[in-house]
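The values are calculated or read from the model by the stated rules, or taken from the named source; none is laboratory data. On a predicted model such as this, the values are computed, not experimentally measured, just so you know. Virtual Cβ from ideal backbone geometry, glycine too; neighbours counted across all protein chains shown.
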Amino acid sequence: MIYDFLKPVSNDIIEFVNALPNHSIGRNTVFHTEDFFPELEGFSFALITVNETRGNNQPKIDLDFSYIRQQFYSLFPGNWNSKLVDLGQIEAGNSVEDTYFLLKNVVTDLLKNKVIPLVLGGSQDLTYAIYRGYDVLEQMVNFVSIDSKIDVVSDMVNPSESFISRIIMEEPNNLYNFSNIGYQTYYNSQEEIDLIDKMYFEAYRLGEVVNNLQITEPILRDADVVSLDLNSIKSADSGSFSKYNPNGFDGREICALARYSGISDRVSSFGIFNIDNDFKESLLIAQILWYFCEGFNYRMNEYPYISKISYFKYIVPLEEQELIFYKSDRSDRWWIETEVFGDDLSAERKVLFPCSYSDYELALSNIIPERWWRAIKKQLV
């Protein structure tokens, strides 16, 4: 059994949780202990910590996740109907690939049981293992990275800054779309930015996102995997100064992105990476986890789309074609209709693609929304 390789939650954490108020998150969580491993049926989330940092091209460092567990379990849930299990910790294997292998198989099993993995780890290349966990599901994957770096450099010396290249190039290639949220231009070469554009992927600058955080909602609504790099947060808000980040998201913004991720009906894996052994940082990490779980409990179950009867239909005639938009009568969220092309480039079927009200406004001004163009062009290359 793959879970035999996971280290149980420590007795110190169990004792800490037992002393918490009855209504805290910790007192309503089931733990993998030395004497007990829970059945996964009925759980919404599974927390897993991964003690692996070698992807940052540095010597192995032991991470202490106890601060994060203490802070998170001390919080109180909202009006939640979800259940959380803490499966303990994956220790670093003999090689990084060994760690990948175990994490991949744990993620696969959780996905099969319809449990969302909440992965806390060291280097962000662990996201590669999460992505590979979808292989046996035989589905295309939409991947969103919240990161100051795009991480598509071809130099494989530092896996945590090049794992996106590996995901794109390696077979089996299950990646349908990749989106970066919050990149900072001075950390990325122009070649990386141009490559994202040529492949019809998406990258949104930090300033663009901060000025209008709502533009990220359709992106996260369409994601399967969300990977959050803590280096995308400015140090004044994260509390971590081991690597000083003068710019980045603030605490409110990163928690809003976590909530958008949780409320997405499609997101089935969520990870937080580049965690330091810093007590101050654990406060924000706990709140990021809280906001993801909060969002999950407000999911509308609008994906997959059951019936167009639940939507208002808007037809926008343009010069050479018409765009068809749908607005949910439950959540006020917007979708645009796109065509899926077959191998002979003939339209096989129509699907709804997440968009925003501003995309509808652009269409009214006779401007085709950029996300719609990318979705169409990606199928024609």
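Here are the numbers:
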| item | result |
| --- | --- |
| Residues (more than 20 Å from E91 (Cβ to Cβ) and in a helix (DSSP H, G or I)) located in the range 8-49 | E15, F16, V17, N18, G26, R27, N28 |
| The range 98-116 - residue that is among the basic types (K, R) and in a helix (DSSP H, G or I) and, of those, nearest to the chain's Cα centre (by Cα) | K104 |
| The range 114-138, residues that are out of contact with any Ser or Thr (no Cβ under 8 Å at 6 or more places or on another chain) and free of Cβ contacts under 8 Å to residues at least 60 places away in the same chain | K114, Y128, R132, E138 |
| Number of the condition not met by I61 [criteria: (1) surrounded by fewer than 20 Cβ atoms within 10 Å (Cβ to Cβ); (2) more than 22 Å from F37 (Cα to Cα); (3) in contact with a helix residue (DSSP H, G or I) (Cβ under 8 Å, 6 or more places away or on another chain); (4) touching a residue at least 60 places away in the same chain (Cβ under 8 Å)] | (3) |
| Among residues of the range 50-97, those that are part of a helix (DSSP H, G or I) and either not assigned by TED's automatic domain parsing to the domain that holds L20 or not aromatic (F, W, Y) (or both), counted | 11 |
| Exclusive hit being over 22 Å from G262 (Cβ atoms) and touching a Ser or Thr at 6+ places or on another chain (Cβ under 8 Å), set S66, S24 | S66 |
| Test result for L20, in contact with a Gly (Cβ under 8 Å, 6 or more places away or on another chain), assigned by TED's automatic domain parsing to the domain that holds G133 and at negative phi | yes |
| Long-range neighbours under 9 Å by Cβ, at least six apart or interchain, first residue surrounded by fewer than 15 Cβ atoms within 10 Å (Cβ to Cβ) and of a type in the set (V, I, T) within the range 1-22, second at pLDDT 95 or above and assigned to a loop (DSSP other than H, G, I, E, B) | none |
| Every pair of residues 6+ apart whose Cβ atoms lie under 8 Å, when the first sits in the range 85-104 and is in contact (Cβ under 8 Å) with a residue 40 or more places away in the chain while the second is of a type in the set (G, A, S) and assigned to a strand (DSSP E or B) | V85/A46; D86/A46; L87/A46 |
| Which listed residue, of E302, E337, is in contact with a helix residue (DSSP H, G or I) (Cβ under 8 Å, 6 or more places away or on another chain) and either charged (D, E, K, R) or modelled with pLDDT of 95 or more (or both) | E302 |
| L195 out of contact with any strand residue (DSSP E or B) (no Cβ under 6 Å at 6 or more places or on another chain) and in contact (Cβ under 8 Å) with a residue 24 or more places away in the chain | yes |
| Residue in the range 210-221 that is surrounded by fewer than 17 Cβ atoms within 10 Å (Cβ to Cβ), under 30 Å from L137 (Cβ atoms), in the same structural domain as D125 (by TED's automatic domain parsing) and touching a residue at least 60 places away in the same chain (Cβ under 8 Å) present | yes |
| Meets criteria (in contact (Cβ under 8 Å) with a residue 24 or more places away in the chain and either among the acidic types (D, E) or surrounded by fewer than 19 Cβ atoms within 10 Å (Cβ to Cβ) (or both)) for D250 | no |
| Output for the range 65-79, where each listed residue is out of contact with any His (no Cβ under 9 Å at 6 or more places or on another chain) and either of a type in the set (S, T, N, Q) or modelled with pLDDT of 95 or more (or both) | F65, S66, Y67, I68, R69, Q70, Q71, F72, Y73, S74, L75, N79 |
| Residues (over 22 Å from I288 (Cβ atoms) and polar (S, T, N, Q)) located in the range 15-70 | N18, N22, T33, N57, Q58 |
